[in-house]
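Reviewing the structure listed below.
Rule-based calculations on the coordinates, nothing more; no lab input. Predicted, not measured: the structure shown is a model, and the values here were computed from it. So basically every Cβ, Gly included, is an ideal-geometry build from the backbone, and we count neighbours across all protein chains shown.
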Amino acid sequence: MPAQNESIACKRISSANLLALAILNMRRHGLRAVVNVIGIAIAVAALTFFLAFYRGTYEGVMFASVIDYATSHGQFMSANFDDDDPDVWLDRDNLIDAKIADGNALLAAVTKDRTGWKPVAAPRLMSPAFAGDGSRKAAVTLSGVDFAKERQVLAIDERMLSGSFGGDGVVIGKKLAQTLSLAVGDEIRIQANTADSAPNLDYWRVAGIYSTGYPPMDRDMVLMDLAEAQAFLGADGKINKIYSRLTGSGNSIARERNIEALETDRSKFAALGLVFKRWQEYAKPIVADAKSDSYFFLIFIGILLFLSLSTMAGTMRVTVYERKREIGMLRASGWLQSEIARQFLMEALLIGVVGSLIGCIGGSFCAIWMELHPIAFSGSMADLDIPNFKLTCDLQARDFIISFMAGFFTALFAGIMPALSGARMPILSALAER
């Protein structure tokens, strides 16, 4: 009598019966099932946690801090402007009309085809200078700003220690105030060359002191009213930088795509004599550090998933060979090869579902705990040049989905070869097994 095959089968075993049998088999081989579930759960928990950790610590703390306190989302300037050469910042070729910052031309170029995003722009006139108290002085960057617009692109006004952001006088950082022993109301001396290369010296009152936790800002940046800076530097009606920020609906991925598009759409600003640089240009070390850590996370997660896959595949293969006689009896009683394969795949998928659920719950718990109890390093790691640096998480629903699917497919792939091996096992050799 020929062996039964797909073409002559009368009735297939239902998926519900296969599921019930898979559960019974997992109970029979409980230790191996637990080992497989634990392996999948550990990998999935790690993936869930690190997805939330990367978003919270890097995108939420490191990247956001640089954007909020130092760079904004991007900066417009003349094509010849060299950020690394302050001596040319006030060259006539680098000075642009201040009206561009509030005019319709720039905003129209920014907002074209970017529904849902609202751009804000803040003009600046920046120059190298020296600040002193009469007996000591320090090299600084003098920035003439429109304080009302500056609040829209940077968050310095939210980090004031004393005094006011704007008003009558200049705003300086905490580290500069400590260096020069200055307090709000004290007199500060500022010396700089004008746009015509003539030396100039004047006195202002310290109107406010801020502390962003970002050392270059707190040590080097002196903010004064734009009109006063233009008069002091001999550049009436001129600026040399426009800081910009996109606000509105959409997630961080969509926002970054819009920012990247601004950099590539050079023709929109060519007529205005401007170029655009993204915030990543000014935060290359931090971005590089984040990328290197993300590669480490990917390698770490990949190793965990591989170990889970290999462990589960090995135990599944052992299970198949231990059940050779059982497989032979099932085949002899009329089970099809596809039904044998589905039986073992069902067991693998059950392990994947259970392990993935446990891993997602465990990883989510750890991520939520760290989000509620972040580990702050701002005091002990100030050299990172990152304001209020802390280790935290930002768990989102997609982290749960990605991690669950990763665990599920790991279990699926681990069960495919053992399932096929069991299905193709000859009936007589399986029955002869002792």
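Points worth noting:
- Structure note, pairs LYS99/LYS268; LYS241/LYS390; LYS149/LYS174; LYS118/LYS149; LYS118/LYS241; LYS149/LYS277: Cα-Cα distances above 25 angstrom occur for LYS241/LYS390.
- With a Förster radius of 25 Å applied to the C-beta separation of ASP97 and ALA148, the computed FRET efficiency comes to 0.80.
- Sorted by Cβ neighbour density within 10 Å, fewest at the top, the residues ASP168, ASP82, ASP394: ASP168, ASP82, ASP394
- Exposure proxy ranking, count of Cβ atoms within 10 Å, fewest first, for VAL222, VAL34, VAL44: VAL34, VAL222, VAL44
- Converting phi to 3J(HN,Hα) with the Karplus coefficients 6.51, -1.76 and 1.60 and the offset θ = phi - 60°, segment 172-189 yields 10, x, 4, 5, 5, 4, 5, 4, 9, 6, 10, 10, 4, x, 6, 8, 10, 9 Hz in sequence order, with x at every glycine or proline.
- Ranked list, fewest to most other Cβ atoms within 10 Å of each Cβ, for TYR54, TYR295: TYR295, TYR54
- For segment 80-272, the equivalent ellipsoid derived from the alpha-carbon gyration tensor has semi-axes of 31, 20, 13 Å in decreasing order.
- Rough spin-label spacing in nm, given labels placed 7 Å along Cα→Cβ, for PHE413 and ALA397: 2.8 nm
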